[in-house]
């Protein structure tokens with residue numbers, strides 16, 4: 001998923017709750033792996049099976065501090081830097097309509 005002209009990656013914030021960015025969909029592929037699609041720009045990123053499994057884990061459990069420099073942490077940093085994921089600190093989300 002790394003591109004030659006990708007911006008330098010800063011480590012992902014930890015701990016963090018990771019979600020797909022707005023307008024991004026994730027589709028698992030039948031042969032393994034996954035595809036990320038930005039439905040506004042039609043940008044596409046294909047993930048191999050190891051990356052797809054790591055992405056599933058990141059979306060399900062977030063990123064703990066111990067994983068910041070691990071392969072899933074580096075994947076999270078890349079996906080955050082390139083706009084495929086968003087992050088917020090763990091904890092309760094503000095109620096709908098609340099500007100907390």
Leading residue by the ranking (modelled with the lowest pLDDT) among those in region 11-44 that are within 12 Å of the chain's Cα centre (by Cα), assigned to a strand (DSSP E or B) and surrounded by 15 or more Cβ atoms within 10 Å (Cβ to Cβ): 16
Those residues of region 45-55 that are in a helix (DSSP H, G or I) and within 13 Å of residue 78 (Cβ to Cβ) come to a total of 3
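Restricting to region 18-50, name every residue that is out of contact with any strand residue (DSSP E or B) (no Cβ under 8 Å at 6 or more places or on another chain) and touching a residue at least 24 places away in the same chain (Cβ under 8 Å). Before the answer, list the steps.
Start the filter on region 18-50 by keeping residues that are out of contact with any strand residue (DSSP E or B) (no Cβ under 8 Å at 6 or more places or on another chain), which leaves 30-32, 40-42, 48-50.
Passing the criteria: none in range.
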Name the residues in region 56-72 that are touching a helix residue (DSSP H, G or I) at 6+ places or on another chain (Cβ under 7 Å), in a helix (DSSP H, G or I) and surrounded by 13 or more Cβ atoms within 10 Å (Cβ to Cβ), would you? 57, 58, 67, 72
When only residues in region 73-100 that are in a strand (DSSP E or B) and surrounded by 15 or more Cβ atoms within 10 Å (Cβ to Cβ) count, which is modelled with the lowest pLDDT? 87
Pairing a residue in region 63-76 that is closer than 16 Å to residue 34 by Cβ with any residue that is part of a loop (DSSP other than H, G, I, E, B) and modelled with pLDDT under 90, where Cβ atoms lie under 7 Å and the two sit 6 or more apart in sequence or on different chains, gives 76/12
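The values are calculated or read from the model by the stated rules, or taken from the named source; none is laboratory data. Given the structure is predicted, the values throughout are model-derived calculations rather than measurements. Heads up, the Cβs are rebuilt from the backbone with ideal geometry, glycines too, and the neighbour counts pull from every protein chain shown.
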